[in-house]
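The values are calculated or read from the model by the stated rules, or taken from the named source; none is laboratory data. Everything numeric here is computed off the predicted structure, so don't read it as measured data. Note that we place each Cβ from the backbone using ideal geometry, even for glycine, and neighbour counts take in every protein chain shown. Ligands, DNA and RNA are excluded from the accessible area calculation, which covers all protein heavy atoms including side chains. Shrake-Rupley method; radii C 1.70, N 1.55, O 1.52, S 1.80 Å.
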Amino acid sequence: MTDLNEFLKKLLTLPGLSGFEDPVRAAIAEEWKPLVDEITVSPVGSLHALRRGSGPEPRPRVLLAAHMDAIGLMVTGIEAGLLHVTQIGGVDPRILPGTPVLVHGRRELPAMVAAPADHLLPPSQAGKPVALENLVVDTGLLPEEVESLVRVGDLVSFNTQPVELTGGVIAGHSLDNRASVAAVTECLKALQRMNTAWDVWAVATVQEEVTMAGALTSPFDLRPQIALVVDVTFAKGPGASDYRAYELDKGPTLGIGPDIHPALFNTFKALAEELDLAYAVEPMPSHSGTDAYGIQVVAEGVPCMVLGIPLRYMHTPVEAVALKDISRTGWMMAQYIARMGPDFMEKIRMEEAE
């Protein structure tokens, strides 16, 4: 097992775009293997890891869900050796010019996203941020070499390297949602020193950014009694200063809204206050924008809780999180799971949760 910082930096050097998560899944499986009793891969590619509890069988099951997929680009055309691309997930084209990327062709090709000079753009776009259809990816190769190595449909991932900032903050691409995968890993590590009555299923889900395929399929297979969903949320920073953003290094957020079972919110809040763990309440008045949106409606329905890790500059190659927020989130989940007795479900009946 590696420490949190090294494991997270490893995840931030790997591709794993939505629908093509193989490289990051392999790294997560390697890290989880000594922490669990069983590891499998679902038919759509989600990673399932089981830590068996000590309670009487049949044991109830808690699902820890964090999506491992990332946003990125896909090649749509080749013109004079330059690649035209479209987005996989929510990519803001304003941040792309000058970004180092990796083209996953017949071999991996380092490249840059380039924007034409302003005077070469259509008059209607002059002086404005360059639209995605006018950006190109430049590998530096001659046109005939590009044609032999790259095909329409090939992936293009961010190729920025993780950077350790001051104050225990790390920046890089794909922290949405590799930060939460790291938090689930920290939870599994903490549970090694704890007794748990429930079976714990840690799941790194696929395709949250585009289809929620993992969220809609893994719970159907595993049939958990409850699910704890971990994702990133908006941290305070430039342009994000109102109630929808949260301070870095002040602990995770506890979501409250339609995707979240009120009894789970109440018991998480009570635990945080009992243990004097830092947290903030995050209103989620519509759907949460997380895997909980899919998980809660699988089969007969799964009561969900959402924990958020504050992150600056979401959906950019320089996302930033505080390492302490990751470790605090993992520790909070472990403490919660350790307190879940065999009769825990009796305490979270919807009609008694108000």
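Looking at the P(r) of segment 150-243, how many percent of alpha-carbon pairs lie beyond 20 Å?
57
Could you please put Trp201, Trp32, Trp331 in sequence from largest to smallest accessible area, using a 1.4 Å probe?
I get Trp331, Trp201, Trp32, largest accessible area first.
Please state the Cα pair-distance histogram of segment 209-354 with 5 angstrom bins from zero: what percent is in each bin?
Calculated over all Cα pairs of segment 209-354, the distribution is 2, 10, 19, 21, 22, 15, 8, 3, 1, 0 percent.
Give me the dipole magnitude in Debye, nearest 20, for segment 164-226 about the Cα centre, with unit charges on the beta carbon: positive for Lys and Arg, negative for Asp and Glu.
On the way: 4 positive and 7 negative charges, 49 e Å.
The dipole of segment 164-226 has a size of about 240 debye.
For segment 116-199, count the residues as N, evaluate 2.2 N^0.38 Å, and divide the Cα radius of gyration by that value, please.
Its radius of gyration relative to the 2.2 N^0.38 Å reference: 1.86.
Hey, can you find the accessible area per residue of segment 4-77 for me, probe 1.4 Å, expressed in square angstrom? It would help to have the intermediate numbers written out before the result.
Details: 2750 Å² over 74 residues.
I get 37 Å² per residue for segment 4-77.
Treating only the Cβ of Lys, Arg, Asp and Glu as charged (+1, +1, -1, -1), what charge dipole size does segment 37-89 show about its Cα centre? Round to the nearest 20 debye. Please report the intermediate quantities before stating the final value.
Working: 4 positive and 5 negative charges, 60 e Å.
In debye, rounded to 20, segment 37-89 gives about 280.
Dipole of the chain (Lys/Arg Cβ +1, Asp/Glu Cβ -1, origin at the Cα centre): which of His104, Leu82, Pro252 lies farthest to the positive side?
Pro252
Using only Cα atoms, tell me the angle between helix 323-338 and the longest principal axis of the chain; keep it within 0 to 90° and round to the nearest 10.
Result, in degrees: 30.
Hey, if we sort Tyr336, Tyr279 by accessible area with the 1.4 Å probe, largest down, what's the order? Display every interim value, and only then the final one.
Details: Tyr336 10, Tyr279 60 Å².
Heavy-atom accessible area, descending, gives Tyr279, Tyr336.
Using a basic spin-label model with each label point 7 Å from the Cα along Cα→Cβ, how many nm lie between Ala278 and Thr86?
According to this spin-label approximation, the distance is 4.3 nm.
Rounded to the nearest 10 degrees, what's the angle between the helix 262-274 long axis and the longest principal axis of the chain, both from Cα atoms, 0 to 90?
80
Ignoring everything except DSSP H segments at least 4 long, calculate the 222 nm mean residue ellipticity for the chain; use -39,500 (n - 2.57) per segment, divide by total residues, nearest 500.
Helices in the chain give a 222 nm mean residue ellipticity of -7500 deg cm²/dmol.
R0 = 51 Å: FRET efficiency of Lys128 with Asp343, Cβ-based, nearest 0.05?
Computed FRET efficiency for Lys128 and Asp343: 0.25.
If I take the Cα coordinates of segment 1-97 and project them onto the principal axes, what are the three extents in Å, biggest first?
65, 29, 21
Dipole of the chain (Lys/Arg Cβ +1, Asp/Glu Cβ -1, origin at the Cα centre): which of Ala49, Ala197, Leu149 lies farthest to the positive side?
About the Cα centre, the residue reaching furthest to the positive side is Ala197.
If you place +1 on the Cβ of every Lys and Arg, -1 on the Cβ of every Asp and Glu, and leave all else neutral, what size is the dipole of segment 1-66 about its Cα centre, to the nearest 20 Debye?
Its charge dipole is roughly 180 debye.
As an exercise, find the ratio Rg/Rh for segment 284-324 from alpha-carbon atoms, using the Kirkwood inverse-distance average for Rh.
1.10
Just to confirm the filter: which trypsin sites (Lys or Arg not before Pro) across segment 231-330 are DSSP coil and have at most 14 other Cβ within 10 angstrom of their Cβ? Intermediate values should be presented prior to the final figure.
On the way: sites: Lys236, Arg244, Lys250, Lys269, Arg312, Lys324, Arg328; in loops: Lys236, Arg244, Lys250.
Sparse-neighbourhood loop trypsin sites (Lys or Arg not before Pro): Arg244.
Output the relative contact order of segment 1-90, whole-number percent, from Cα pairs under 8 angstrom with separation of 6+ residues.
24
Output the antiparallel fraction of DSSP beta bridges having both residues in the chain, as a percent to the nearest 5.
Counting DSSP beta bridges with both partners in the chain, the antiparallel share is about 65 percent.
Nearest 10 degrees, 0 to 90: what angle lies between the long axis of helix 22-32 and the longest principal axis of the chain (Cα atoms)?
Once rounded, the angle reads 30 degrees.
For segment 73-157, just run the numbers: alpha carbon Rg, then divide by 2.2 N^0.38 Å, N being how many residues it has.
Rg over 2.2 N^0.38 Å, computed on Cα atoms: 1.05.
Expected output is a single nm value to one decimal: the length gained when fully extending between Val210 and Arg94, i.e. 0.36 nm times separation in residues minus the C-alpha distance. What is it?
Stretched out fully, the Val210 to Arg94 stretch lengthens by 39.7 nm.
Using just the Cα positions, wrap the chain in a convex hull and report its mean projected area in square nanometres, one decimal place.
18.9
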